[in-house]
Amino acid sequence: MSLSAADGTAHSATEFRRAKRIGAISVSEILRIGATAAQRRREGRPVIVLGAGEPDFDTPDNVKAAAVRAIGAGATKYTILDGTPELKAAIAAKFRRDNGLDYALDEITVGAGGKQVIHNAFMATLDPGDEVILAAPYWTSYADMVTIAEGVPVAVPGREDNGFRLDAADLERAITPRTRWLLLNSPSNPSGAAYSEAQLRPLLEVLRRHPHVWLLSDDIYEHLVYDDLPFVTGAQLEPALRERTLTVNGVSKAYAMTGWRIGYGGGPRELIAAMAVVQSQSTSNPCSISQAAAVEALTGPQDVLAQRREAFRVRRDLVVERLNAIEGIACRRPEGAFYTFASCAGLLGRHTPDGTAIDSDSAFCRYLLDAVDVAVVPGSCFGLAPYFRISYAASEASLREACDRIAAACRVLS
Ligand SMILES: Cc1ncc(COP(=O)(O)O)c(C=O)c1O
């Protein structure tokens, strides 16, 4: 039997049909690279995967112990939909302590990761065709989340000579009457670029002139900023924007808690209430035990942050130095996160020993995986080519070995 959908396309009654809102989204190249790397490893090849978006450290012991105590105390039931009062109080204290931001408990939301918080915000605010400005290179999930919410991602490329940061004039040009959000992520996944106060202010000035545009500040890498650069966030620098800013953060990256799934946001209460509506009909509350663990992460000893930051800084310097020693590769020193975003423009047009042309960053990354068993992600996955992202959330020994292999692979290109 054949049915006719609203748009006139015919399909059989039993045929699987994807909703249009996810139609254009496919399994990402990042996942494909990960799957290929895993397959090669199973075949016994010594693959080094530098694609992880999570710290290789363990969750701190005090946090684990708090979770065990919570289970013992029976904190194993539904909680208030968007976060326990204890966790919201800990988050409010964190925003005050680290960012000089005052949020009341009903201006705070907690979700299953920063990802759910961002998803809730888009689902709660975007109507079909509404636009969200993303600074490229951007975390791939942003564009897909906007699309699932039936919005339109508008990528504005950052220039490498501007540290991949968004230029204020480019932002101004990208704003239309349909723009709902500007999404800023500092330090950035994938570029590692962070904004200083002087670099952020011109963007906030543009937003001040466009009162219909809200700011979503994804601060998830806040605690991974190096060389004493102070971390700044939009609502803190420009109080006039506070009433149209969602400040997103979480415990995943700072406390090596990616599996616990706790992220949070602070913003105006009408927005927070609308986001609760979305969460109420998807997951309800985030895991009760993880919430108790997150209270300990945010209120317990914080020295682990500085220790891990220093370990990441050493690795960043190692990778940047090694990459820049390779002819054809150029890598700026990122200010934060745990990613380098290096240019492979100098290698385009060369050929591999078996004659394959390196004609794009994807081709280069495929070659590295095939020839020397190193898995890295092409910049085109993040909306900016020709670059490749290395996650240096890996041991120094594997980073050294990976860089040696990349250098060897580049030497034999002709
Ligand atoms: C830029 C950025 N924002 C948000 C997240 C979400 O992290 P989580 O959902 O674990 O809090 C990630 C994770 O990779 C990220 O890279």
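Limited to the stretch 325-357, what total is found for residues that are more than 30 Å from Ala311 (Cα to Cα), in a loop (DSSP other than H, G, I, E, B) and either among the acidic types (Asp, Glu) or within 28 Å of the chain's Cα centre (by Cα) (or both)? Counting residues in the stretch 325-357 that are more than 30 Å from Ala311 (Cα to Cα), in a loop (DSSP other than H, G, I, E, B) and either among the acidic types (Asp, Glu) or within 28 Å of the chain's Cα centre (by Cα) (or both) gives 2. Sub-8 Å Cβ pairs linking a first residue in the stretch 181-205 that is more than 16 Å from the ligand (Cβ to nearest atom) to a second residue that is of a type in the set (Ser, Thr, Tyr), at least 6 apart or interchain, are Leu200/Ser186; Leu203/Tyr195, ordered by first then second residue.
Restricted to the stretch 324-361, and to residues there that are among the β-branched types (Val, Ile, Thr) and away from the ligand (no atom under 16 Å from the Cβ), the residue that is most open to solvent (accessible area, probe 1.4 Å) is Thr356. Mind listing whichever residues of the stretch 123-146 are without any contact (Cβ under 8 Å) to a residue 40 or more places away in the chain and either within 13 Å of the ligand (Cβ to nearest atom) or of a type in the set (A, V, I, L, M) (or both)? Matches in the stretch 123-146: Ser141, Met145, Val146. Search the stretch 11-40 for residues that are surrounded by 12 or more Cβ atoms within 10 Å (Cβ to Cβ) and pair each with any residue that is among the acidic types (Asp, Glu) and assigned to a helix (DSSP H, G or I) when their beta-carbon atoms are under 6 Å apart and the residues are at least 6 apart or on different chains. Note: pairs meeting the criteria are Ile25/Asp144. Among the residues of the stretch 238-254, those that are within 11 Å of the ligand (Cβ to nearest atom), in a loop (DSSP other than H, G, I, E, B) and either aromatic (Phe, Trp, Tyr) or farther than 18 Å from Thr84 by Cβ (or both) comprise Ser252, Lys253, Ala254.
Cβ separations smaller than 8 Å between residues 6+ apart or across chains give the following pairs from the stretch 99-117 residues that are basic (Lys, Arg) to residues that are open to solvent by 10 Å² or more (accessible area, probe 1.4 Å): Lys115/Ser141; Lys115/Met145.
Among the conditions (1) part of a strand (DSSP E or B); (2) at positive phi, the only one that Ser284 does not satisfy is (1).
The values are calculated or read from the model by the stated rules, or taken from the named source; none is laboratory data. Worth saying up front: this structure is predicted, and the values here are computed from it rather than measured. When we count neighbours, we look across all protein chains shown, and the Cβ atoms used for this are built from the backbone with ideal geometry, even at glycine. Surface accessibility is based on the protein's heavy atoms, side chains included, excluding ligands, DNA and RNA. Shrake-Rupley method; radii C 1.70, N 1.55, O 1.52, S 1.80 Å.
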